[in-house]
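Asker: Below you'll find the structure I mean.
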Amino acid sequence: MTAGLYNARARLSVLLLERLAPGGQVLTTDRVENYPGFPDGVSGFELMDRMKTQAERFGLKIQNEEVIRLELSEKRKAVFLNSGTLESKTIILACGATWKKLGIEGEDRLMGRGISFCATCDGPFYRDEEVAVIGGGDTAVEEAIFLTRFVKKIYLVHRRDKLRATKLLQERAMSEEKITLVWDTIPLRILGQNSVEAVEMRNVKTGDVQRKEVKGVFVFIGTIPNTDLVKGSVNLDENGFVLTDDKMQTSIPGVFAAGDIRSKLFRQISTAVGEGAAASYSAERYLESLH
Ligand SMILES: Cc1cc2nc3c(=O)[nH]c(=O)nc-3n(C[C@H](O)[C@H](O)[C@H](O)COP(=O)(O)OP(=O)(O)OC[C@H]3O[C@@H](n4cnc5c(N)ncnc54)[C@H](O)[C@@H]3O)c2cc1C
């Protein structure tokens, strides 16, 4: 949306293709408190509606259609849609990423109402509460440690009997008195009517089922980049995210990437917005270089 806004404002001919409602993951966020300019926070829907209105004011065209295939090379950039094929001189990939879900009862219903994929975003909502963190890799352990700033107690639930996270993080988690490790355990269902009230879990070795009363469940079992369209064309990192330089340039000249699809440290709205602006600037410079 930011790349579209900048390029439309620069009076380029630009089309934003979106398969769902424009706004991406932010639309699934109940409240955003860490995006600058909104001292009282803002609903995810309102933030994206404002971005869309602003971009459209500068003439951004949004077409509600899925890109089903891309053909990308230095010479040709073709976008295949169900309604036909488009050719473009430059392309900005901003397809985002999808957080892996647990796939258990209660998860979809309580998403954004106590279930979260982002401790930085949602941690402060759980001040002095008890929460569960699901996962055992670096992200899960880092986020659990971050949550100790706010919450009263954290159950770090892992399906194995040792964490996958790096040794240093493991040691920190284990020495943190607010964190209780729940080994060999998988969540079965998340309970609550309008918000999370408890999580039911099963020990995979003993079969014992236990319930913990928690107000939040933070799920960190991995992120899948939406890179199916570019596998085999642009260079990806070992986890499948798009590699770029600091100008957002991918391995194919004239193809740029911004936001959660990129290989990077921190996936947030503010970082996606900054990269969208940088990618649009690079795309503009690239177009000038063609003349
Ligand atoms: C529940 C939740 C809460 C969050 N809370 C916060 C928060 O409070 N603060 C914060 O800063 N960040 C938060 N985040 C992270 C933030 O939402 C992301 O970092 C940000 O949305 C990334 O933006 P993006 O444009 O790169 O990708 P996305 O938001 O993932 O958007 C990508 C878009 O591309 C579309 N798309 C993908 N493939 C195709 C295709 N083939 N054809 C057409 N369209 C396609 C998708 O439909 C999607 O709309 C949260 C994330 C989640 C899931």
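Asker: Mind telling me which of the residues 130, 197, 213, 143 ends up being within 20 Å of the chain's Cα centre (by Cα), of a type in the set (Asp, Glu) and under 27 Å from residue 33 (Cα atoms)?
Answerer: After ruling out the rest, the residue left standing is 143.
Asker: Hey, any hits in the range 131-143 for a residue that's within 15 Å of the ligand (Cβ to nearest atom) and either within 23 Å of residue 21 (Cα to Cα) or among the charged types (D, E, K, R) (or both)?
Answerer: Taking every residue of the range 131-143 in turn, at least one turns out to be within 15 Å of the ligand (Cβ to nearest atom) and either within 23 Å of residue 21 (Cα to Cα) or among the charged types (D, E, K, R) (or both).
Asker: Would you check if there is a residue in the range 41-60 being within 9 Å of the ligand (Cβ to nearest atom) and of a type in the set (Asp, Glu)?
Answerer: no
Asker: When you go through (1) without any contact (Cβ under 8 Å) to a residue 40 or more places away in the chain; (2) within 22 Å of the chain's Cα centre (by Cα); (3) open to solvent by 20 Å² or more (accessible area, probe 1.4 Å); (4) more than 23 Å from residue 31 (Cβ to Cβ) one by one for residue 156, which number turns out not to apply?
Answerer: Every condition holds for residue 156 apart from (3).
Asker: While we're looking at this one, here's another question. Within the range 240-258, restricting attention to residues that are in contact with a strand residue (DSSP E or B) (Cβ under 7 Å, 6 or more places away or on another chain) and open to solvent by 20 Å² or more (accessible area, probe 1.4 Å), which residue is farthest from residue 290 (Cα to Cα)?
Answerer: 243
Asker: With at pLDDT 95 or above, away from the ligand (no atom under 12 Å from the Cβ) and touching a Gly at 6+ places or on another chain (Cβ under 6 Å) as the only criterion, which of 195, 251, 263, 282 stands out?
Answerer: Values: 251 fails: touching a Gly at 6+ places or on another chain (Cβ under 6 Å); 263 fails: touching a Gly at 6+ places or on another chain (Cβ under 6 Å); 282 fails: touching a Gly at 6+ places or on another chain (Cβ under 6 Å).
Exactly one of 195, 251, 263, 282 is at pLDDT 95 or above, away from the ligand (no atom under 12 Å from the Cβ) and touching a Gly at 6+ places or on another chain (Cβ under 6 Å), namely 195.
Asker: Write out, first by first residue and then by second, each pair whose Cβ atoms fall under 9 Å of each other, whose residues are 6+ apart or on separate chains, and whose first residue, in the range 129-141, is without any contact (Cβ under 8 Å) to a residue 40 or more places away in the chain and closer than 10 Å to residue 166 by Cα while the second is open to solvent by 10 Å² or more (accessible area, probe 1.4 Å) and part of a strand (DSSP E or B).
Answerer: 141/179
Asker: A further question on this structure: Looking only at residues that are part of a strand (DSSP E or B) and within 11 Å of the ligand (Cβ to nearest atom) in the range 99-111, which one is nearest to residue 252 (Cα to Cα)?
Answerer: 99
Asker: Kindly list, by first and then second residue, each pair from a residue in the range 162-189 that is closer than 22 Å to residue 201 by Cα to a residue that is of a type in the set (Ser, Thr, Tyr) and part of a loop (DSSP other than H, G, I, E, B), limited to pairs with Cβ atoms under 6 Å and residues at least 6 apart or on different chains.
Answerer: Within 6 Å, the pairs are 178/148.
Asker: Quickly run through the range 4-40 and pick out the residues that are within 24 Å of residue 266 (Cα to Cα), in contact (Cβ under 8 Å) with a residue 60 or more places away in the chain and within 9 Å of the ligand (Cβ to nearest atom).
Answerer: Matches in the range 4-40: 24, 25, 26, 28, 29, 30, 31, 32, 33, 34, 35.
Asker: Follow-up question, since we're still on this one. Among 147, 81, 168, which is aliphatic (A, V, I, L, M) and more than 16 Å from the ligand (Cβ to nearest atom)?
Answerer: Result of the check over 147, 81, 168: 168.
Asker: Can you go through 209, 242, 217 and tell me which one is closer than 26 Å to residue 27 by Cβ and touching a Lys or Arg at 6+ places or on another chain (Cβ under 7 Å)?
Answerer: None of the other options fit; the residue is 242.
Asker: Could you count how many residues in the range 89-98 are surrounded by fewer than 18 Cβ atoms within 10 Å (Cβ to Cβ) and away from the ligand (no atom under 14 Å from the Cβ)?
Answerer: Number satisfying all stated conditions: 1.
The values are calculated or read from the model by the stated rules, or taken from the named source; none is laboratory data. Model, not experiment: these values are computed from the prediction. Glycine also receives a Cβ, built like all others from the backbone with ideal geometry; neighbour counts cover every protein chain displayed. All accessible areas refer to the heavy atoms of the entire protein, side chains included, with ligands and DNA or RNA removed. Shrake-Rupley method; radii C 1.70, N 1.55, O 1.52, S 1.80 Å.
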